[in-house]
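Here's the structure we're looking at; comments come further down.
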Amino acid sequence: MELDPALLSRIQFAANISFHIMFPTITISLGWILLFFKLRFNATDNPVWMQAYFFFTKVFALSFAIGVVTGLTMSFQFGTNWPGYMATVGNIAGPLLAYEILTAFFLEATFLGIMLFGFRKVPSWVHTGATLLVAVGTTISAFWILALNSWMQTPAGFEMIANDQGQLQAHVTSWMDVIFNPSMPYRLTHMLLASAATAAFVVAGVSAYRLLKGDQAESVKKTLKTGLILASIVLPLQVLAGHEHGINTKAYQPAKLAAMEGAWETHKGAPLVLFGWPDEDAQKNHFSIEIPALASLIVTHSLDGEIKGLKEFDVHPPVKPVFFSFRIMVGLGFLMLGTAWLGSYFLWKKQSMPNWYLIGLTGMTFSGVFATLAGWYVTEIGRQPWLVQGVLLTKDAVGPVGGEMVLGTLLVYLSIYVFLGFGYVKTIFYLAKKASLGNDAVTTQGAKT
């Protein structure tokens, strides 16, 4: 059987980004949570805030390190597997990736050491400033990466010009239009809120695990409260941001929206398909459970608003992965919202958490990662068959590497990712267990003022 290098290259890149995205999703907002802990310590001089800070800097450092390594392997694939991408749109993608390194990665790398090891070695304001700059760096990094990804979804501010060999290449006509393309503000907001919810559940879930292990330290209770309150606030905002992002998708990528909704026919008063089994051959949904007119109301704010069906488009994304990924994302999001609100209720009314809730919250420690991953599948698979919407087809960007070579490296990647993923989760809970046994005691004595 002949191996398809294009398909294998797509699977390889998907595997890489699926694993990589876990770590920046956590660190983007965990940096700001660490800054909150440090500012609370500065304001109250209560050492429990620094105990919280010290513990979660370990989580941040581990996540940051693995994120850097997996990000590097992903960038290599642009040259090895997808040379047509850089050959066609490198004039745009190259500078945006370079801006991310120059303005964000160097900022994070420069001040990370001070944040991790400088508490007793530099004045408090310097340590606080380093924490702030690391948090700012993670957010700037997200800005540039989301600018590039959004441009690939809704390209703007460029023109295609043939080079000496007759190959069309993208050339910038307006960097402002490139960076702030039509979907960028929605995608950036959606991702930052997803990161906040993800980091909040990591903090809350690990804290719940420590409570289950008998750790009644005040710092653990404060981190649990911080995570739950943060999640309770950002998740409703995420629902609103997702709604606005969907409206933007209707305007600029209607085929993607149709796949998300499982809409085959163009309808006024389109129903919301809660569940179904899309059949691309028959162009219909089997076992469909629908709410009449609700999709039109949500997307168009009108009960008789029109949503275009998949049959309207000559090409459209593969329906099943987009359809189911969208429902996994939404389902996990509302489960996280209910969990956070229930926990906030226990904190407000009961002042304590039942064990069954702590067990459930521990199990949801990385729920935000899976919700974010499902959202990225909607975004990336929903763009197919385009690598850059309307500009570059995915099949035209793949390199001349043989299928056997791609399969071999894919299996190596998967083996490493399974090992690293298991090791990462195991290490996080090992650190939590060690801290709960009192083997990770810290003190604020000796800090420079």
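Across the cross-link table entries Lys58/Lys221; Lys250/Lys284; Lys250/Lys395, which are compared at the Cα atoms, the separations over 23 Å belong to Lys250/Lys395.
Per-residue extension of 0.36 nm, minus the Cα-Cα distance of Gln165 and Val126, leaves a gain of 8.6 nm for this segment. Extending 7 Å from the Cα toward the beta-carbon at both Asp314 and Ser302 defines two label points whose distance is 2.9 nm. Here the relative contact order of region 1-110, from alpha carbon pairs under 8 Å that lie six or more residues apart, stands at 28 percent. Taking every protein chain into account, the 1.4 Å probe leaves Glu244 with about 80 Å² of accessible area, to the nearest ten. For the chain, give the percent of accessible area contributed by carbon and sulfur heavy atoms, probe 1.4 Å, rounded to a whole number. Heavy-atom surface of the chain belonging to carbon and sulfur, 1.4 Å probe: 67 percent.
Partner aspartates and glutamates whose Cα lies under 20 Å from the Cα of Lys434, excluding those fewer than 8 positions away in the same chain, are identified as Asp215, Glu218. Every helix of 4 or more DSSP H residues in the chain counts as -39500 (n - 2.57), and over all residues that averages to -23000 deg cm²/dmol at 222 nm. The listed residues Asp4, Asp281, once ranked by accessible area (1.4 Å probe) with the largest placed first, stand as Asp281, Asp4. At an R0 of 41 angstrom, the distance between the Cβ atoms of Ile11 and Trp277 translates into a FRET efficiency of 0.95.
With K and R counted +1 and D and E -1, the other residues having a Cβ less than 15 Å from that of Leu373 yield a net charge of 0. Taking 27 Å as the limit for the C-alpha separation, the pairs Lys320/Lys426; Lys222/Lys426; Lys213/Lys426 exceed it in the case of Lys320/Lys426. Each of Ser63, Ser302 has its accessible area taken with a 1.4 Å probe; listed largest first, they run Ser302, Ser63.
Distance from the Cα centre of region 356-403 to that of region 126-151, in angstrom? The distance from the Cα centre of region 356-403 to that of region 126-151 comes to 21 Å. Note on region 313-443: Kirkwood radius taken over Cα pairs, Stokes-Einstein applied at 25 °C and 0.890 mPa s, translational D equal to 129 µm² s⁻¹. Here's the picture: a label point sits 7 Å out from the Cα of Ile289 along the beta-carbon direction, and within region 257-277 the residues with their amide nitrogen under 13 Å of it are 273-277.
Projecting the Cα positions of His190, Thr88, Ile428 onto the charge dipole of the chain (unit charges on Cβ atoms of Lys, Arg, Asp and Glu, taken about the Cα centre) puts Ile428 furthest along the positive direction. Solvent-accessible area per residue in the chain equals 45 Å², computed with a 1.4 angstrom probe and all protein chains kept. For Ala255, the shell of other residues with beta-carbons less than 12 Å away shows a net charge of +2, using +1 for Lys and Arg and -1 for Asp and Glu. Between Leu414 and Ser344, residue separation times 0.36 nm minus the direct Cα-Cα distance comes to 21.4 nm. For the set Tyr424, Tyr413, the ranking by accessible area, highest first and with no ligand, DNA or RNA atoms included, is Tyr413, Tyr424 under a 1.4 Å probe.
Each Lys and Arg Cβ is given +1 and each Asp and Glu Cβ -1; about its Cα centre, region 8-126 then shows a dipole of about 240 debye.
Using heavy atoms of the protein chains and a probe of 1.4 Å, the accessible area assigned to Val136 is about 40 Å².
The values are calculated or read from the model by the stated rules, or taken from the named source; none is laboratory data. Note that this is a predicted model, so its numbers are computed, not measured. In this analysis, Cβ positions are derived from the backbone assuming ideal geometry, glycine residues included, and neighbour counts consider all displayed protein chains. We work out accessible area using only protein heavy atoms, side chains counted, and drop any ligands, DNA or RNA first. Shrake-Rupley method; radii C 1.70, N 1.55, O 1.52, S 1.80 Å.
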